[in-house]
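Everything on this sheet refers to the single structure shown next.
The values are calculated or read from the model by the stated rules, or taken from the named source; none is laboratory data. Everything quoted here is computed from the prediction, not taken from an experiment. Cβ placement follows ideal geometry from the backbone for every residue including glycine, while neighbour counts extend to all protein chains displayed.
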């Protein structure tokens, strides 16, 4: 037996081939040597004549970004076969740039011989497609693999907003005064330092509020306030801070959601400066997030409706530029939140101030910040407990208020919930004590219906009102979840196992016929990930609402290891990206209502391969959840 044959028997996937085939392959191999730092292939330029099997030395492969930085660097040792995916799935173009790092020897196999092996031996072929499918679950790999044509659509252009951190933005030093400083002195300091915002501290030198030009106009001049009064009588709140390591897009979304115009920058737990919303927006003049500001400025429901209808267009642009689906979800959810806040404020202007503190919260996918274009209203109201003689009055106000809010949202294009999970439904507008009883009942009964209710209402998020109410509810839940809840977790796990990944015995994607198309339901394909992550979050009392954030928290708690975290996260957001793009095109190109059905004939071979790997990942995690929560793998 020749040395070449012995070598091939030791490496994947050639070890899957029969001995007589390996002996023939060995005769076709050509030995090629490369000196150190030799550029062997260039990404999307070099056409591969075949595949390289490394015998000695090392290959370094990577992507160059638009400013010639190496990205996603990998080192390939002896036994690695480079070029299979490029030959099979990328029109023979090298996926990455490849450099020989040492004196390197490879066995070269011509593409025609390689393709014969792939056609004849399915396991050999599937090795390359499966490896590529796993890579396509990595959003950064996808960014570079797409290779956008123009700079303004490139990954690096998207980087300017979505990968740029706060530390790269020039922020201003904090100018502050004590809370006993006279108002006129505050105005002098603002003029002297040329700032439009001055922060106010208490006796412990903690920042407790701020004063702006608008504060002076509205509260001092218009209110005919005595300028000698202490500044503490006119300060604005709340104080909103963000870590210097956060991303620019996160800062903008935080500003929109909290309605603040100034954001304090925190480093190592201390405030080191601040940013204004205008500063961030001026640096991102071409960003679609500027659109959110225009939503806040809308003056009518008709204008809000036009804004909502245009959301699919610019979200589709984000996705085409390589922006992660998680960010696209956040943008959609922030716009929906902004519209809801505008509607709520207008309804309050119409019906009068609320008779009690309350929270308007969103649920389900909107609660998780995972909205798509096929979405409807999922919301509820919690109001503070009032004395018996005022209960009916308070309840009557909020039911009327909720009906008006839901009606106006429906008119704007955020449709009524077909399942009735809306605040206008008397079941979902109640006092805080009633809501606490709801949760306790759902957890104790743990029936199929109550498990669904609990799952929906665990995915709840504050949108408007007094956030302390929802904070108190979550603190109550945290205590309840420390009690034995095996029955609840068992039934939630059973619910998460209802969906079976659409793979046939032969690992093909199972479809069904709809409107003469062979399709699968991508929403149902994603549901198991949402469900199983939710179960583990409840078990570990993780109160993040977003599925991606829940995964990160579970990784920190070592509930998921690093590999499991990346597999789940990348699988989920690959599916989400596919779902959003499909729905956006239905709205933009087909002028039809979006749905969740993916037609296999519209997918590339690469997408189909990736989906198969994702469905395997989901199946593996369902086995894990069976073992962890049902004590069975059957």
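Some notes on this structure:
- Any hit, segment 435-445, residues being in contact (Cβ under 8 Å) with a residue 12 or more places away in the chain, crowded, with 19+ Cβ neighbours inside 10 Å and within 18 Å of residue 371 (Cβ to Cβ): no
- You will find that of 471, 429, 504, 450, the residue that is under 16 Å from residue 363 (Cβ atoms) and without any contact (Cβ under 8 Å) to a residue 24 or more places away in the chain is 450 and no other.
- Test result for residue 433, in a helix (DSSP H, G or I), assigned by TED's automatic domain parsing to the domain that holds residue 404 and in contact with a helix residue (DSSP H, G or I) (Cβ under 9 Å, 6 or more places away or on another chain): no
- When the helices (runs of 4 or more DSSP H) confined to segment 540-634 are screened for residues that are within 23 Å of residue 486 (Cα to Cα), without any contact (Cβ under 8 Å) to a residue 60 or more places away in the chain and within 18 Å of the chain's Cα centre (by Cα), those reaching at least 2 such residues are found at 547-556.
- Count of segment 438-467 residues, restricted to those that are out of contact with any helix residue (DSSP H, G or I) (no Cβ under 9 Å at 6 or more places or on another chain) and either modelled with pLDDT of 95 or more or not in a helix (DSSP H, G or I) (or both), is 1.
- The criterion of at least 1 residues that are within 28 Å of residue 577 (Cβ to Cβ) and in contact with a strand residue (DSSP E or B) (Cβ under 8 Å, 6 or more places away or on another chain) is met by the following helices (runs of 4 or more DSSP H) wholly inside segment 33-138: 84-89.
- Residue pairs whose Cβ atoms lie under 9 Å apart, sitting 6 or more positions apart in sequence or on different chains, and linking a residue in segment 510-534 that is outside the structural domain of residue 607 (by TED's automatic domain parsing) and part of a loop (DSSP other than H, G, I, E, B) to a partner that is surrounded by fewer than 17 Cβ atoms within 10 Å (Cβ to Cβ) and at pLDDT below 90, do not occur here.
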